[in-house]
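Trainee: Let me give you the structure first, and then I'll get to my questions.
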Amino acid sequence: MNEQETTKKESRDALFPDCPIRNILARVGDKWSLLVLYNLQHREPVRFKELQRQIPDISQKSLTQTLRTLEEDGFVTREVFPEVPPRVEYTLTPRALSFLPLVENMIHWAKENMEDIIADRTRNA
């Protein structure tokens with residue numbers, strides 16, 4: 001996120017700090033969070049590189065930032081094993097597990113409606 005985007009986001013968050021929709025969706029509704037949660041759901045615990053292979057178009061920097069954000073919000077736990085080289089594994093928390101059925105519903109809805117939405121976009125372009 002560039003400086004201008006960060007400033008805009010901070011301004012929005014400052015205007016509505018207690019709005020649960022804006023507050024939560026701003027964090028999990030970004031480009032990568034739902035994909036990371038979805039991929040962790042089907043294979044946990046997961047190591048960083050394995051997760052990166054599951055989402056091939058995510059950069060190392062974006063995956064690192066997304067995992068940090070999800071950890072800050074209590075969706076993911078990070079466990080570091082004292083080995084050489086260090087091994088780090090990520091797992092979902094109970095909060096994430098309670099959130100994922102909602103994500104599954106969105107995925108199902110998106111699959112059912114995608115063709116019509118794309119057709120509408122093309123027609124209205």
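The values are calculated or read from the model by the stated rules, or taken from the named source; none is laboratory data. What you see is a predicted model; the values in this text were computed from it and never measured. Methodologically, a virtual Cβ is constructed for each residue, glycine included, from the backbone with ideal geometry; neighbour enumeration extends over all protein chains shown. Side chains are part of the model used for accessible areas, which takes the heavy atoms of the whole protein and leaves out ligands, DNA and RNA. Shrake-Rupley method; radii C 1.70, N 1.55, O 1.52, S 1.80 Å.
Trainee: For semi-axes √(5λ) of the Cα gyration tensor in Å, several values are listed as (1) 30, 15, 13; (2) 28, 21, 16; (3) 29, 22, 10; flag the one computed from this structure.
Mentor: Only one option fits the structure, namely (2).
Trainee: Which value in nm describes the separation of the simple spin-label points at ARG121 and PHE48, placed 7 Å from the Cα toward the beta carbon?
Mentor: So the two model labels end up 3.3 nm from each other.
Trainee: Who wins for biggest fluctuation among ASN105, ASN39, ASN113 in a Gaussian network model of the chain, springs between alpha carbons below 10 Å?
Mentor: Comparing ASN105, ASN39, ASN113 in a Gaussian network model of the chain, the most mobile one is ASN113.
Trainee: To continue, here is another question. Measure off, as a whole percent, the carbon and sulfur share of the 1.4 Å-probe accessible area of the chain, all protein chains present.
Mentor: Carbon with sulfur: 55 percent of the solvent-accessible area.
Trainee: Could you pull out every residue, at least 5 positions away or on a different chain, whose amide H is within less than 5 Å of the one on ARG87? Hs are placed 1.01 Å off N in the peptide plane, and Pro or chain starts have none.
Mentor: Close amide H contacts, sequence-distant or interchain: PHE81.
Trainee: Roughly how many Å is it from the Cα centre of the range 25-41 to that of the range 103-123, as a whole number?
Mentor: Answer, in whole Å: 18.
Trainee: Please give the length that would be gained between GLN65 and ILE21 if that part of the chain were fully extended, namely 0.36 nm times their separation in residues minus their C-alpha to C-alpha distance (nm, one decimal).
Mentor: My answer for the length gained is 13.7 nm.
Trainee: Roll a 1.4 Å probe over the protein chains and send me the accessible area per residue for the chain in Å².
Mentor: Heavy-atom accessible area per residue stands at 74 Å².
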